[in-house]
1. With respect to the cross-link table entries K95/K165; K165/K186; K103/K165, which display a Cα-Cα separation exceeding 31 Å?
2. Taking 8 Å as the Cα distance limit and 6 or more residues as the minimum spacing, I'd like the relative contact order of the stretch 25-220 as a percentage.
3. Output needed for the stretch 25-220: three equivalent-ellipsoid semi-axes, defined as square roots of 5 times the C-alpha gyration tensor eigenvalues, in descending order, whole Å.
4. Per 0.36 nm of contour for each residue apart, how much would the distance between V122 and D38 grow if the chain were fully extended, relative to their Cα-Cα spacing?
5. Under unit Cβ charges (Lys, Arg +1; Asp, Glu -1), what dipole magnitude, rounded to 20 debye, does the stretch 25-220 have relative to its Cα centre?
6. Would you grab the residues whose amide H sits under 5 Å from the one on M63? Only those 5+ places off in sequence or on another chain, please, with H modelled 1.01 Å from N.
7. Read phi for every residue in the stretch 58-65 and hand back ³J(HN,Hα) as whole Hz from Karplus 6.51 cos²θ - 1.76 cosθ + 1.60, θ = phi - 60°, with x for Gly and Pro.
8. Enumerate the amide H contacts of A51 below 5 Å, restricted to partners 5 or more residues apart or on another chain; note that Pro and chain-start residues carry no placed amide H.
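None of the figures in this text is laboratory data; all of them are computed from the coordinates on show. Treat the numbers as computed from the prediction; the structure is a model and nothing was measured. FYI the Cβ positions are ideal-geometry reconstructions off the backbone, even for glycines, and counts take in every protein chain you see.
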Amino acid sequence: MLRKALVGMLFALAVSSPAWAQATRGDISLLFGYTLSDGVSGGPYKAPDGATYDRVDPKDSMMFGISGGVYITPSWEIGFMWRRQPTTLEMSGTKTVDLGDTKIDGYHAFFAYHAGESEARVRPYVLFGLGATHYGGFSYMAPGGTTQTAPGETQFSGTVGAGVKAYASPKVGFQFGLQWTPTYIKSDPAGYWCGWYGCYVVGDAQYSNQFEFVGGLTIRF
């Protein structure tokens with residue numbers, strides 16, 4: 001009798017122990033949404049059109065991308081995401097003009113924490129990541145009617161976000177969330193700081209920010 005009980009217990013353990021192994025190992029999300037963007041300001045520039053400009057910003061626009069990761073515990077996921085925002089750069093000051101069409105790409109490795117059970121229908125999440133933001137080059141009309149091309153630039157950036165994943169079936173669901181990606185662009189002189197070792201110029205850092213409203217289709221495996 002004891003032997004049968006032990007065999008039954010071992011069988012139950014054998015069935016239940018791989019429960020996590022049989023549960024969600026990772027997921028892939030196709031992302032779509034809308035991005036609110038801002039740029040940076042600079043010294044005033046007197047243009048040939050007679051206007052004075054002191055700021056460049058990407059316009060708010062749609063975004064898309066893909067995200068995927070694997071779970072290192074039932075709650076913690078490590079992964080990588082790429083997002084693209086096709087947009088137009090605009091220069092503003094005494095008036096506002098479009099400079100040219102461009103695109104902004106975000107490449108970030110991330111850690112995400114998911115609340116709830118691994119197979120739950122609804123899982124809130126928070127994430128943080130590190131990577132880079134690439135500002136694509138663009139063409140513009142220079143004084144004299146010639147077309148010039150400005151090169152692209154890549155800068156280190158971080159990203160944070162929060163949202164929820166809701167599943168209509170064990171494998172397929174939807175993702176909704178918010179994400180913020182600040183990207184360091186430059187520092188402007190903001191004065192001097194003096195100490196025992198002399199005086200130094202203090203910089204005022206400027207960041208370009210992307211605030212993303214993210215939705216998408218999520219498949220877990």
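1. Checking Cα-Cα distances, K95/K165; K165/K186 exceed 31 Å.
2. Relative contact order for the stretch 25-220 comes out at 20 percent.
3. In descending order the semi-axes read 38, 23, 12 Å.
4. Contour length minus Cα-Cα distance gives 27.0 nm.
5. Roughly 540 debye for the stretch 25-220.
6. Placed amide hydrogens put G33, Y34, T35 under 5 Å from M63.
7. My calculation for the stretch 58-65 gives x, 6, 5, 6, 5, 9, 8, x Hz in order.
8. Under 5 Å from the amide H of A51 lies no amide H from a residue far enough along the sequence or on another chain.
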